[in-house]
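Student: Okay, here's the structure, questions in a sec.
Read-outs throughout are calculated quantities, based only on the coordinates presented, and are distinct from any laboratory measurement. The structure displayed is predicted, hence computed values, not measured ones. Backbone-built Cβ (ideal geometry, glycine too); neighbour counts: all protein chains shown.
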Amino acid sequence: MTESSHADDRRHFHRVLYRMPCQLAGNECLLSCTVVDLSLKGCLLEFQQSWQGDIEHLYVLTIALSDDQHIEMTLSVSHVIGNRVGFKCEHIDIDSITSLRRLVELNLGDSDWLERDLLALGQF
């Protein structure tokens, strides 16, 4: 087994590489950013400049999938490296998790992986 395989085995959630513009709201500001990757438990976002936000604050991420469908997640900062910030999902509504589940399922191409992710989500 390779080193990357070991890392994948330890990861509770599969990440979807999904480069998409999005909006992050919180702490009286609205920031434009890009989703680098996305999972059922969080995301990695990229900003135009180094992160200057409050790491103790909660933020709301909105990803528009179409004109009438979007994903909205309440996030907390997990880690910051330059202009890339990892966030942990603190709350997601049922409509958003349904859309995110479908997105993950389509990108993983394997419903068994998705079921494993959903089981892991229930353990937290």
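Student: For Gln48 and Asp67, calculate 0.36 nm times their separation in residues minus their Cα-Cα distance, and state this gained length in nm to one decimal.
Tutor: On the way: separation 19, 0.36 × 19 = 6.84 nm, distance 2.46 nm.
Gain on stretching Gln48 to Asp67: 4.4 nm.
Student: Something else now. List the trypsin sites (Lys or Arg not before Pro) within region 13-90 that fall in a DSSP loop (any state other than H, G, I, E or B) and whose Cβ has at most 10 other Cβ atoms within 10 Å. All intermediate terms of the calculation are to be shown ahead of the outcome.
Tutor: On the way: sites: Arg15, Arg19, Lys41, Arg84, Lys88; in loops: Arg15, Lys41.
Here no loop site has a sparse enough neighbourhood.
Student: Report the local net charge at Thr74: Lys and Arg +1, Asp and Glu -1, summed over other residues whose C-beta lies under 15 Å from its C-beta.
Tutor: On the way: positive: Lys41, Lys88; negative: Asp54, Glu56, Glu72, Glu90, Asp93, Asp95.
Cβ neighbours under 15 Å give a net charge of -4.
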